[in-house]
1. Given springs between every Cα pair under 10 Å in a Gaussian network model of the chain, which of V160, V195, V230 has the largest fluctuation?
2. For the pair T56 and R135, how long in nm is the line joining their label points, each one 7 Å along Cα→Cβ?
3. Starting from a Cα-only point model with no solvent, please compute log10 I(q)/I(0) by Debye for the stretch 61-220 at q = 0.09 1/Å.
4. Provide Rg over Rh for the stretch 169-274; use the alpha carbon set for both Rg and the Kirkwood Rh (inverse mean inverse pair distance).
5. Could you give the semi-axes, largest first, of the ellipsoid that matches the stretch 1-118, computed as the square roots of 5 times the alpha carbon gyration tensor eigenvalues and rounded to whole Å?
6. With angles folded into 0 to 90 degrees, how steeply does helix 255-274 sit against the dominant principal axis of the chain? Use alpha carbons for both and round to 10.
7. Taking amide H positions as placed 1.01 Å from N in the peptide plane, with prolines and chain starts having none, which residues 5 or more places from A227, or on another chain, fall under 5 Å of its amide H?
8. Please give, to one decimal in nm, the separation of the simple spin-label points placed at V230 and I251, each 7 Å out from Cα toward the Cβ.
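All of the numbers you see were taken from the coordinates with simple rules; none came from a lab. Just so it is clear, the model here is predicted, and its values are computed rather than measured. Cβ sites come from the backbone with ideal geometry, for glycine too, and all protein chains shown count toward neighbours.
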Amino acid sequence: MRDYARPQTLDEAVGLMAQTPRRILAGGTDLYPTVGRRIDGDILDLTAIPALCGITQGDGLRIGACTTWTMIAEAALPPALCALQQAARQVGGRQVQNMGTIGGNLCNASPAADGVPPLLALDAVVELAGPLGLRRVPLTQLLIGPRQTLRASDEILTAVILPASALTGRSAFVKLGARAYLVISIAMAAARIQVENGRITGAALAVGACSGVAQRLPVAEAALIGAKPVDAPQLVTPHDLAGALSPIDDIRATALYRRTAAAELLRRAIAEAVA
């Protein structure tokens, strides 16, 4: 590590990034395990910037990039965010939840990032700050591949924005791993369902760890519209997911197992969301 900076304001942080692109430190739970015994390059520590932490409600919901998973899990949030809170309680162990941040989870861009499917189901948009000012990018566009995002090297992810239209309905998150905790997911699913007059009027479904990036499932979503909630889980089949998912064979599972598991997890998430 050549230089370490811990700015007090976002403007100061953006100025430092404009001078020399740096590795960003928020919670450090993704950074430290990847660097080994030595951190190469300059570090920008965001943990002293109050504007980057916390959850505020206005026209929608704004979650600061340095908000920890514990803060999200323990916040008083509408039922539509239940899936995000369930994911927050399953990100690593308690120590990781206390330090790990929502922004770091997104910028790390792991295909198995627990926070991504719930945020996709919430139509999340991320806010990026750089020398040219602020810009907003839908989460569906931010993640472009394993460990790859559209964030420029001189930009800082400052917040996750959830539109007011996504704060309706109920949601649920289900993941599958080799054990219950401290495990990289084999597959995971999030569902947000809106019900009016005994029929489903809106559905947002997402699956993670089954493609290079987590995916929304518009075909499966459309199949649920107009259905009775009790019938909804059985309307999801592996065939509905085939076009959207591209799972791989690895040490944790085969592609075929992942595809089958994703459909079952999605059925469980839907059943929980409409219960």
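1. Taking springs between Cα atoms under 10 Å, the residue moving most is V230.
2. Reported label-point gap for T56 and R135 is 2.3 nm.
3. Debye intensities relative to I(0), on a log10 scale: -0.27.
4. My calculation puts Rg/Rh at 0.98.
5. 26, 18, 11
6. 80
7. I200
8. That separation, rounded to one decimal, is 4.7 nm.
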